[in-house]
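The values are calculated or read from the model by the stated rules, or taken from the named source; none is laboratory data. Just so we're clear, the structure is a prediction, and the values are computed from it rather than from any experiment. Here Cβ is always computed from backbone atoms with ideal geometry, including for glycine, and neighbour counts include all displayed protein chains. These area figures cover heavy atoms from the full protein model, side chains too; ligands, DNA and RNA do not enter into them. Shrake-Rupley method; radii C 1.70, N 1.55, O 1.52, S 1.80 Å.
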Amino acid sequence: MNVPRPRLGVFKFASCDGCQLSILDCEDEILAVADRVEIAYFLEATRRPLEGGFDVSLVEGSISSPEQIDQIKDVRERSKFIVAIGACANGGGIQGLRNFISIEESIAAVYANPSYVKTLEKSRPIADFITVDLELQGCPINKYQLLNVIAQMLVGAKPRVPDHAVCLDCKRRNIVCVVVSQGKACMGPVTSTGCEALCPAHDRGCFACYGPSHQPNTAALASRFESIGVPSDQIRRFFHAFYSTSQEFVAEGLRHV
Amino acid sequence: MNSSAGIAPTGETVVIEKPVLGAIIDRLWRDGYTVVGPTLAESAIVIDQVRAIDDLPIGWTDEQEAGMYRLRRREDRAYFGYAVGPHSWKQYLFPPKTTLYSIEFHADAMTVKPNVDPVPSYAFLGVRSCDLHAIEIQDRVFLHGPYVDRHYQARREKALIIAVHCAVAASTCFCASMGTGPRSVRGFDLALTELEGEFLVEIATPRGAAICDGIPSRAATGYELGAAARIVDKTRDSMKRSLNTNGLPDLLYQNLEHPRWDQVAERCLSCTNCTMVCPTCFCHALEDVPALDGASSEKIRQWDSCFNPDHAHMAGGNNRPDIRSRYRQWLTHKLASWVDQYGVSGCVGCGRCVTWCPVGIDITEEAAAIRGDQQ
């Protein structure tokens, strides 16, 4: 098939680099796309300087400091299509926990001498600053989901990223429900798919690291958590851990203090 | 009858010592069957490969309630002393994920290759009456309509079915009220009733008879036949839940704006669990999965659900935009429009949707609330 070789850029903001590592973890699969995509900028993997424009940019991380606002706007201007990857880029990430307390409080807790710390008051998702064309959720993202998006874009199809509840994947994989069979707290019923039910497959409840599913009924699940004896502050943490920018999750968490 | 004397005739009922079931399992594997049946895994009795008789959950049972399932030890060593678990035979006849065909792209053409991978010959061991009815319903969906599903057909035609008459009912069971159990009446090759030290074996088909050929057995006595009947009667009498099906389709159609739909929508997670564990739900999604090198693409079919908002998404939006409309769609399809569509109710009273709902929504309670029954 004669498809022009698109230029791909990978950019990082406030993050742990885990999503970029998921890309590097595509060792075998990346060879299949190597001659179909030009990886033009990816500091974690190559030293090529930032030059020119990009057909597709993958953006990891939240916007957490003032200079990152200018940088993300520059990425937008250089890019035709932006995919924000991961919980940080789309939901504020773990560092978004600071959004629930005052910035002075969190700086004082971390730095002995905070005079040189320049930071925004809140850790915010990419979409607060620029138009994002596609969001891939997760902490970290699922490499197969990313590869599938790239494959779909290369054949000219609209990338499809489902956002149904994790439960559907548990059942497709014949995983026995940990809520029903063991009384464990699991965020699966309100959490977006993408991970292929990784935690329940290892006999653990879901931690909601892919953020809210479409129309999550958070109140019904929280009420179930209460009835199986999950302490109130733990219910709050379930909803606030990764996606501090989700209105549904934040509001539900605040009902459990 | 002395068994070594050849194939037991169809329609006969014989008695085998319990450990002899192991010889039947061996025979099935030797004859090329993949034997699947109840076995312990994780924290439930699931359906998986049964290599030997010890793979059965001997001495285990289950305690079930709305939204709750727990494994428990029995005081005896019963082989089938439990009700249905989270899996059904749907996993094997209509697998969660199937490649329908693949497409190879060439310079000026493309080749479509149907998936003709060989499918296993399954022997289903321990199928309950509710699930026999569920298989019959999926037959109507996949085989008896204007289009035959080749993938289902290949698996279904090869499957050998060994039923078990239920000796216990979970609190979530309500097959008696649906007319679908607990006695298995058709759709099996062999049917077992578990007595104290023996199994009563009903031989229903030549295929079932062939499996019993050479297996040590004797003719059942009148006393044993009576004892077996009493076991199933007792199970029926112990069933706590029921669903009143009298005029149910019309009742539901006349109550599409009943306030109960709003109430259940407040509790419902729209998580899809009820539809996934339902042995008759057949909704699925089709997806094109292109290969990374761009040389080919696969058409994948996966289980999907009317509770997945994406499932009803089409040009112009989602015609079931909230949980209320999705729950109402499921319940009215299962209990009402299913009858218009396939001539039978879509519910077989297995109770899985009740047990495996993470918040314990009970289909019998919801239907009763619409009817105005006091529960």
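Observations
- Consider the range B:300-317 and keep the residues that are more than 7 Å from chain A (Cβ to nearest Cβ) and open to solvent by 40 Å² or more (accessible area, probe 1.4 Å). The one that is nearest to B:E366 (Cα to Cα) is B:H311.
- Any hit, the range A:1-12, residues being away from chain B (no Cβ under 14 Å), of a type in the set (S, T, N, Q) and at negative phi: no
- Checked against the criterion of being free of Cβ contacts under 8 Å to residues at least 40 places away in the same chain, over 20 Å from B:C347 (Cα atoms) and either open to solvent by less than 60 Å² (accessible area, probe 1.4 Å) or polar (S, T, N, Q) (or both), the candidates B:A295, B:A227, B:A219 yield just one match: B:A227.
- Residue in the range B:73-86 that is open to solvent by 20 Å² or more (accessible area, probe 1.4 Å) and closer than 23 Å to A:H202 by Cα present: no
- Restricting B:G179, B:G126 to residues that are open to solvent by 50 Å² or more (accessible area, probe 1.4 Å) and under 17 Å from the mean Cα position of the chain (by Cα) narrows the list to B:G179.
- In this entry, B:E202 passes the filter for residues that are out of contact with any helix residue (DSSP H, G or I) (no Cβ under 8 Å at 6 or more places or on another chain) and crowded, with 16+ Cβ neighbours inside 10 Å.
- Failed criterion for B:C350 (all others in (1) in contact with a Cys (Cβ under 7 Å, 6 or more places away or on another chain); (2) more than 17 Å from B:C130 (Cα to Cα); (3) not in a helix (DSSP H, G or I) hold): (2)
- Residue match in the range A:21-35 (condition: part of a loop (DSSP other than H, G, I, E, B), open to solvent by 50 Å² or more (accessible area, probe 1.4 Å) and at pLDDT 95 or above): no
- Subset of the range B:65-75 (residues that are more than 9 Å from chain A (Cβ to nearest Cβ) and in a strand (DSSP E or B)): B:E65, B:R72, B:R73
- Wholly within the range A:140-223, helices (runs of 4 or more DSSP H) carrying at least 1 residues that are among the charged types (D, E, K, R) and not assigned by TED's automatic domain parsing to the domain that holds A:V83: A:166-172
- Check on A:P216, in contact with a strand residue (DSSP E or B) (Cβ under 9 Å, 6 or more places away or on another chain), at the interface with chain B (Cβ under 10 Å from one of its Cβ atoms) and at pLDDT 95 or above: yes
- Tally of residues being buried (at least 24 other Cβ atoms within 10 Å of the Cβ) and touching a Cys at 6+ places or on another chain (Cβ under 9 Å) across the range B:256-274: 5
- Taken over the range A:147-172, the criterion of being more than 20 Å from A:S57 (Cβ to Cβ) and within 7 Å of chain B (Cβ to nearest Cβ) is satisfied by A:P162, A:H164, A:A165, A:C167, A:L168, A:K171, A:R172.
- Among the residues making up the range B:44-64, those that are part of a loop (DSSP other than H, G, I, E, B) and under 19 Å from the mean Cα position of the chain (by Cα) are B:V50, B:L56, B:P57.
- Selection count, the range B:17-36, where residues are in a strand (DSSP E or B) and either surrounded by 21 or more Cβ atoms within 10 Å (Cβ to Cβ) or among the charged types (D, E, K, R) (or both): 3
- Condition check for B:A312: more than 22 Å from the chain's Cα centre (by Cα) and within 27 Å of B:S184 (Cβ to Cβ): no
- No other residue among B:L143, B:L160, B:L100 is of a type in the set (A, V, I, L, M) and surrounded by 19 or more Cβ atoms within 10 Å (Cβ to Cβ) apart from B:L160.
- Restricting the range A:219-240 to residues that are within 12 Å of another protein chain (Cβ to nearest Cβ) and open to solvent by 60 Å² or more (accessible area, probe 1.4 Å), the residue that is farthest from the chain's Cα centre (by Cα): A:S227
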